[in-house]
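The values are calculated or read from the model by the stated rules, or taken from the named source; none is laboratory data. These numbers come from a predicted model, not from an experiment. All Cβ positions, glycine included, derive from the backbone under ideal geometry; neighbour counts span all protein chains shown. With ligands, DNA and RNA removed, areas are computed over all heavy atoms of the protein, side chains included. Shrake-Rupley method; radii C 1.70, N 1.55, O 1.52, S 1.80 Å.
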Amino acid sequence: QVQLVESGGGLVQAGGSLRLSCAASGLTFSSYGMGWFRQAPGKEREFVAAIRWSGGITYYADSVKGRFTISRDNAKNTMYLQMISLKPEDAAVYYCAADLMSPAYPLTYYHPRTYDYWGQGTQVTVSL
């Protein structure tokens, strides 16, 4: 069965850096689009970044562009989110998600409802 496991969350001071990992198993990686989402208390789950396992195309929310970098290591079946210059508004539970790649994916990658599989989440806290 498909499993996604996030790790790397923790506590950092504003302006600091953190790298999140998402280890995937039970799927054909080149057939799936992968995404990072986050959810803060009292707010809806929002898109952060997405990447195609094949093609090398990435997408970012405007709020994180220039500060976050999404990447993959196909040999390790792992996706990463490198975060720098963290702000208090970045604090949230971060989730990785997977959905079968399709011709429509470039139009739907930012919608949580697009994704079929989700990890358990890892918490990122940004202190003052």
Legend entry - Extreme residue, modelled with the highest pLDDT, among residues of segment 73-99 that are surrounded by 14 or more Cβ atoms within 10 Å (Cβ to Cβ) and touching a helix residue (DSSP H, G or I) at 6+ places or on another chain (Cβ under 8 Å): Met83
Legend entry - Output for segment 16-37, where each listed residue is charged (D, E, K, R) and either buried (at least 23 other Cβ atoms within 10 Å of the Cβ) or in a helix (DSSP H, G or I) (or both): none
Inset, instruction - Return the pairs, sorted by first residue and then second, in which the second residue is outside any loop (DSSP other than H, G, I, E, B), the first residue lies in segment 13-27 and is of a type in the set (D, E, K, R), the beta carbons are less than 9 Å apart, and the residues are 6+ apart or on different chains. - result: Arg19/Tyr80; Arg19/Leu81; Arg19/Gln82; Arg19/Met83
Inset, instruction - Residue by residue through segment 100-112, note down the ones that are at pLDDT below 90 and aromatic (Phe, Trp, Tyr). - result: Tyr105
Inset, instruction - Please indicate, with yes or no, whether at least one residue in segment 47-58 is of a type in the set (Val, Ile, Thr), modelled with pLDDT of 95 or more, touching a Leu at 6+ places or on another chain (Cβ under 6 Å) and part of a strand (DSSP E or B). - result: no
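Restricting attention to segment 89-122, and to residues there that are assigned to a strand (DSSP E or B) and of a type in the set (Phe, Trp, Tyr), which single residue is farthest from Ser7 (Cα to Cα)? First the steps, then the outcome.
Just the residues of segment 89-122 that are assigned to a strand (DSSP E or B), to begin with: 92-100, 117-118, 122.
From what is left, the residues that are of a type in the set (Phe, Trp, Tyr) are 94-95, 117-118.
Details: Tyr94: 9, Tyr95: 10, Tyr117: 16, Trp118: 13 Å.
Checking each candidate, the answer is Tyr117.
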Inset, instruction - Could you please give the count of residues in segment 113-128 that are modelled with pLDDT under 95 and open to solvent by 40 Å² or more (accessible area, probe 1.4 Å)? - result: 4
Inset, instruction - State which residue is surrounded by the fewest Cβ atoms within 10 Å (Cβ to Cβ) when the search covers only segment 42-57 and only residues that are under 19 Å from Arg113 (Cα atoms) and not basic (Lys, Arg). - result: Gly42
